[in-house]
Amino acid sequence: MKKIIIAGISFIVVTTICYFSWIDYQKKLAGPDALRLALDNPVENLDPAITYSDDGLVLSAQVIEPLYQYHYLKRPFEIEPLLASGLPSISTDGKTYRIKIRKNVFYHPHRCLVPGRMVEPRDIIMQFKRLAFEPLKSPGKSLFANVIKGYQEFGHKVGDSLSKLKSENIRGLHIEGDELIIELERAEPNLIYYLSLNFIVPVPEELMTCLNNNLSKELVGTGPYQYGGFKDSEYYDLLKNPDYRLEFYPSVGDRFANVQNLLDSSKQKIPFIPSVRFYVLSGEKERWDKFIDEQLDIVTVPKSYIPNLFNERGELTKELAEKNFQIQHFPILANRWLGFNMKHPIVGKNNYLRKAIAYSINYQEYLRILSQNTNLRSNSILVPGIWGYHPTQKLKYEYRPDLAVEYLKMGGLERVEDRPTLIYSTRGNQEINIIEANFVKEQLEKIGLKVEIEVLTFSEFLQKGRAGELMFFTDNWLFDYPDGENILQLLYSKNFPGINKSAYSNKEVDSYYLRLKDGPGPDEKDQLMQKIEEVVMDEVPWIPLMYESSFVLNRPGIKNYRKSTLIRNYVKYLKYED
């Protein structure tokens, strides 16, 4: 008994020394020499099972690691192993995946973990189970609910019991030797993309138990940076992981990578930068001013500040040029549209009203005001660069106020006094959201519609949208993976309430979508997507607006930056050179 007590005391002492040594290490690294970046909003929940905002995903992607990632320098996007030691071995029927996990991958120091705790396959299974745990209400649950054998059954069986979460098993997940085995109900061609999302990261059972499954304020991973906390409600600190495994900067890339000298750091050990500070800067002016004052190193230029970039000769303005700021323009996998709540008694039940609105928007003026003509008008609900997009696709809706008025008449709204007041909800409370809201209001008022603007924060927008409480709104989608199915899930009826904010329900579209999920051949897949588009464009739950792009400015000395909304763990590739 005495030996056990001594051993226990020794363990506590060692753990305490390691933990406080890490705290000292944090203090040394965090400081004014950190790479300084910006987030739009505070991250309300750090739990990888829950975090789904772009700010949350960018912050956490530097700390946690899924099984797979996208090659940083290749387009089209190419999957490569991250925590997995190789690509999965897949059975001929596409229903069984065998994945080996890297060995000797260590978690960051944490009071709930023994020093030197390594990743094991069971930690991945624990996170799969957490996604299915109903009390967490994880947006990642729907990815696997009808895919992995026994997944829904597990969720029903466990209910809200934490002890059952730990003790019960998912029929389609098990371990053989050093391999994680995933057995599917049906072939899912996008599963490899799902395994590249931040939802599927290892979570040790002892961490979950210690924190009572509340990871909302904790971020413990295996990545190149350790979470240093949210300081003074102003910024998040990340510290270079001193025990990060041997990883190297890519040695191959596409034409853009070669032309832009993005291979100069080839085969060098990553990460390069010792610490990172993410400032929370909700205001566009605040972000812009902080960058101009050289207190940020990289900034995505707010749309309203694009006119500040160039002089009349198309060159960087004197202020920017004198500071040797560098500018790049990147297309991003994002679509923007006007959306309607199809269950709402006013906009959801009147197809003619929705078509009237579609013909009332001056799309060229929208592009000018919202993007300074740097974005492209959408010609599809899909976006360039992903499977299913057709550059020759044409939308039948254009700026035709005369047709808009005719559709109002067909919808029984000929008399002004019969026309309802529309409530337009903003997708955030930043200046650009207010500009967009006022533009939409002005356009609709020109054809005699009344519009009231409801200003929401982004988190309020998400909460109300997923609960089906919005009427009329602008939405956008940053693709999680490069396939048209990723955005079409927003039109699948069973994803309401949830990501289907339009509460759209059409049996024909549902059947096409489910056939897509069965993994058809390329030709059939393309045809199914086109059929979905035809139905949706006739029923108009969405009015496509524009494909988004970004101008990015960075201070001199920042190397290797390449913006991508799919590749969020980009900081490890960045280098700072004087």
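At-a-glance table
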item: Protection proxy ranking, peptides 214-223, 350-359, 509-518, average beta carbon neighbours within 10 Å, highest first; result: 350-359, 214-223, 509-518
item: Label-point separation in nm, S564 to E406, each point 7 Å along Cα→Cβ; result: 4.6
item: The range 293-435 - percent relative contact order, Cα under 8 Å, separation 6 or more; result: 24
item: Size of electric dipole in the range 150-267: Cβ of Lys, Arg +1 and of Asp, Glu -1, about Cα centre, debye, nearest 20; result: 160
item: Theoretical gain in end-to-end length, R171 to R415 [0.36 nm per residue, Cα-Cα removed]; result: 81.8 nm
item: Beta bridges per DSSP with both ends in the range 332-549, % antiparallel, nearest 5; result: 65
item: Estimated dipole of the range 332-549 in Debye, rounded to 20 [Cβ of Lys and Arg +1, of Asp and Glu -1, Cα centre]; result: 300
item: DSSP-defined antiparallel bridges as percent of all bridges, the chain, nearest 5; result: 80
item: Among Q527, L403, H344 the positive-end extreme of the charge dipole of the range 332-549 (Cβ point charges); result: H344
item: Value at 222 nm in deg cm²/dmol, rounded to 500, when DSSP H runs of n ≥ 4 in the chain each add -39,500 (n - 2.57); result: -9000 deg cm²/dmol
item: Total lysine pairs whose alpha carbons fall under 15 Å of each other in the range 121-225 (8 or more apart, or interchain); result: 9
item: For the range 255-329: rounded, prolate or oblate by the Cα gyration tensor [a/c cutoff 1.5]; result: oblate
item: Rounded, prolate or oblate (a/c below 1.5 giving rounded, otherwise prolate when a/b exceeds b/c) for the range 354-403 by Cα gyration tensor; result: oblate
item: Cross-link partners of K269 among lysines (Cα-Cα below 27 Å; sequence separation of 8 or more within a chain); result: K27, K28, K74, K100, K103, K240, K559, K563, K572, K575
item: Extended-chain gain in nm, criterion 0.36 nm per residue less alpha-carbon gap, E452 and S233; result: 75.5 nm
item: Cα gyration tensor shape of the range 148-242, rounded if a/c is under 1.5, else prolate or oblate by comparing a/b with b/c; result: prolate
item: Label point distance in nm, K343-V535, each placed 7 Å from Cα along Cα→Cβ; result: 1.9
item: Listed residue (I423, Y504, G412) projecting farthest to the positive dipole end of the range 332-549, Cβ model; result: G412
item: Nearby lysines by direct alpha-carbon distance to K450 (threshold 28 angstrom, same-chain neighbours under 8 apart not counted); result: K303, K343, K349, K355, K396, K409, K441, K464, K501
item: Relative contact order for the chain, counting Cα pairs under 8 Å that sit 6 or more residues apart, in percent; result: 17
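None of the figures in this text is laboratory data; all of them are computed from the coordinates on show. Because the structure is predicted, anything quoted here is derived from the model rather than measured. For neighbour counting, all protein chains shown are included, and Cβ atoms are generated from backbone atoms with ideal geometry for every residue, glycine included.
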